[in-house]
Amino acid sequence: MASFNPYDEYLNIQFGTADQGTLIIMTFNGAIRFCYNAIDCIENDDKIGKGEWLTQAYDAVSELRKSLKPEVDEELVGHISRTYEFICHQITLANVMNSIENVNNALLVLEKLRDTWKEIIHQRRQVAAGVELIG
């Protein structure tokens, strides 16, 4: 008999009811958190933990990359896809070389992208709500 875990149930509801914008931000936040956890593991010489956290960060960025829609703007999507590729490359180097510097390179780009997405989502929600943007 499976045991009930309220935290798992909360996450299922949170992910199952979130809009696309919220899911994008949640995925960025996850990737960022995984990178910070990997840095802690590198600092504590925990190679297994480092590998697990970096794998999760890589997987999160891969999900973001898979969600791109080239039909919207092929050139822009190409740029974003290459940016995600750069992040994944930095994560891979961090794992192979046990390098905090490479994790920090990935984090710098992840945090900037997340903040940009937050602004885009905020503006879209304002437009949808009929709020005039002053810019």
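Only one of the numbered conditions (1) touching a Lys or Arg at 6+ places or on another chain (Cβ under 9 Å); (2) in contact (Cβ under 8 Å) with a residue 60 or more places away in the chain; (3) of a type in the set (A, V, I, L, M, F, W, C) is not met by Leu107, and that is (1).
Whenever a residue of the stretch 90-104 is within 17 Å of Asn44 (Cβ to Cβ), its partners that are assigned to a helix (DSSP H, G or I) and polar (S, T, N, Q), lying with C-beta atoms within less than 8 angstrom and at least six residues away or across chains, give the pairs Ala94/Asn102; Asn95/Thr55; Val103/Gln90.
Matching residues to (1) at pLDDT 90 or above; (2) closer than 30 Å to Ala128 by Cα:
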site	(1), (2)
Asp8	no, no
Met26	yes, yes
Asn29	yes, yes
Phe34	yes, no
Ala38	yes, no
Gly51	yes, no
Ala57	yes, no
Gly78	yes, yes
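Filtering the stretch 47-93 to residues that are closer than 15 Å to Arg33 by Cα and β-branched (Val, Ile, Thr) leaves Thr55, Val61, Ile87, Ile91.
What do you reckon, is Glu71 touching a residue at least 24 places away in the same chain (Cβ under 8 Å), closer than 26 Å to Leu23 by Cβ and either outside any helix (DSSP H, G or I) or not β-branched (Val, Ile, Thr) (or both)? Considered against the rule, which asks whether it is touching a residue at least 24 places away in the same chain (Cβ under 8 Å), closer than 26 Å to Leu23 by Cβ and either outside any helix (DSSP H, G or I) or not β-branched (Val, Ile, Thr) (or both), Glu71 comes out as no.
The values are calculated or read from the model by the stated rules, or taken from the named source; none is laboratory data. All values reported here derive from a predicted model rather than from experimental measurement. Here the Cβ is made from the backbone with ideal geometry for all residues, glycine too, and neighbour counts use every protein chain on show.
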